[in-house]
Amino acid sequence: MDPPVPAPPHLTLTGDSPAIGLAHGRSWPEDIAQLAEERTRLSRDAFWAGQGSSRIDVAPIAQACWDAQQRYDERTTAELEAMAQASGVPAEDLLIAGGFTDFVDAVRAAGSGPVPPDNDPGQCTAVLVSTQASADGRPYLAQTWDMHPSATAHLRVLTLRPTDQPACVLLTLAGCVGMTGINHYGVAVGINNLATRDGRPGVLWPSVVRKMLRETSADGALRVLRETPLAGAHHYLILDPQGVGYSVEATPTRCAITPLLSVLAHTNHCLAEEAVAVEAEKTGPASENTRGRLASARVWLAKHGDRLHRLGLRDMLCLTGADGDTSAAICHGPYAGYDIETGGAVVMSPVDRALDAGWRRPRPDDFAAYTLAAT
């Protein structure tokens, strides 16, 4: 039997926004600098941003995104500024490192027309389970996190207990303000990446997630998302303890909303016609991977739902660790032509204010549980 996979490193941070940013930056300065350098370089790589991207000067785009960040949210801006001070990494570079996949949407659009990437990689398989489809009446949000293999080592879990906003638990990267998480009201927010042709300088997705996690309901989080001037495209999943949930394909110019009714699965291609209209085309292994994972997730949910009649926490933990054939595995390692691997996974229970996190391709017993007190 394979040895257990440890959970990602975890920190609890307290204080106001600057104090949290300082503590974050002081905890992992080398990791933060390494990831920022790598992602600044990759933002000009054809694999991510398309042919001709190597000739684009990304500095003005990063500055424009930083200007948008400063206008958007004072608290997350203060956190990033303090993190920059502590880590020695400029705040603009922290934005690129954390919001990389939105940033490359903006870089792609800054070229000579919106050029698709060479082989845009898909990242993440995500599901929502309603109260009606749940074995215990609890709604669930579960997702994997897939990315370039060198990013896996930088995965972290943060428990934030700020003095100026609601407490939350986040799966994130060293230097990133948050990728996915749940707050003490039980509002959960997840993401998976989309590639778009309507990218532009604007707000990058980690700051959007953090602002959504200040809300007391799924409807409030949805409102925040709809009001944000986005830089790039993501699929957002929103869920609250009452079982109100949304699947949202959001780009800088489109917002396609699907309410949660039963069970919903999503990967890294658009499903709504209005979002498909501005999507960067996926071909080859990238297309096979995202479509294969979506089919696998739907088959898995249908099979286990039929067998159990309802889905529970253990099922979600199993789903986010499920392997399979190369092109359709929900969790996978890099393979020829597709240098992306599953770096981790989370399952969130809004009723319990709980986030279970696993590193790499976790089995059910590899997850660590983090719980916030209900309010």
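Working note: 222 nm ellipticity from helices only, DSSP H runs with n ≥ 4, each -39,500 (n - 2.57), summed and divided by the residues of the chain, gives -10000 deg cm²/dmol to the nearest 500.
Mean separation of Cα pairs under 8 Å and 6+ residues apart, divided by the residue count of segment 224-271: what relative contact order is that in percent?
Values: 55 pairs, mean separation 13.7, N = 48.
About 29 percent, as a whole number.
Each of the peptides 87-98, 345-356, 151-162 was scored by the mean count of other Cβ atoms within 10 Å over its residues; in descending order, highest first, they stand as 345-356, 87-98, 151-162. Just 360, 298, 210 to compare: in a GNM of the chain, with alpha carbon springs under 10 Å, which one fluctuates most? Comparing 360, 298, 210 in the GNM, the peak value goes to 298.
Considering only DSSP states other than H, G, I, E and B, which GluC sites (Glu not before Pro) in segment 211-286 qualify as loop sites with at most 16 other Cβ atoms within 10 Å? Hits after loop and neighbour filter: 227, 281.
Put a plus charge on the Cβ of each Lys and Arg, a minus charge on the Cβ of each Asp and Glu, and nothing anywhere else: the dipole of the chain about its Cα centre is then about 560 debye. The relative contact order of the chain comes to 21 percent, based on Cα pairs under 8 Å that sit 6 or more residues apart. A 1.4 Å probe run over the chain, with the rest of the protein chains in place, finds 35 Å² accessible per residue. Once the gyration tensor of the Cα atoms in segment 167-326 is diagonalised, the equivalent ellipsoid follows with semi-axes of 24, 22, 15 Å, ordered largest first.
Sorted largest first, the spans of the alpha carbon positions of segment 115-225 along the three principal axes are 43, 36, 31 Å.
Quick one: divide the alpha-carbon radius of gyration of the chain by 2.2 N^0.38 Å and tell me what you get. Don't skip to the answer; put the middle values down first.
Values: Rg = 18.7 Å, N = 375, 2.2 N^0.38 = 20.9 Å.
Expressed relative to 2.2 N^0.38 Å, the Cα Rg reads 0.89.
Looking at 287, 272, 258, which one has the Cα that reaches farthest to the positive end of the dipole of the chain (charges on Cβ: Lys, Arg +1; Asp, Glu -1)? The residue sitting most towards the positive pole is 258.
With all protein chains in place and a 1.4 Å probe, the accessible surface of the chain carries 50 percent carbon and sulfur. In this simple spin-label model, placing a label point 7 Å from the Cα along the Cα-to-Cβ direction at both residue 70 and residue 223 gives a separation of 2.9 nm.
The values are calculated or read from the model by the stated rules, or taken from the named source; none is laboratory data. Bear in mind that the values here come from a model prediction, so they are computed numbers and not experimental data. Backbone-built Cβ (ideal geometry, glycine too); neighbour counts: all protein chains shown. When the accessible area is computed, the model is the full protein with side chains, heavy atoms only, and any ligands, DNA or RNA have been set aside. Shrake-Rupley method; radii C 1.70, N 1.55, O 1.52, S 1.80 Å.
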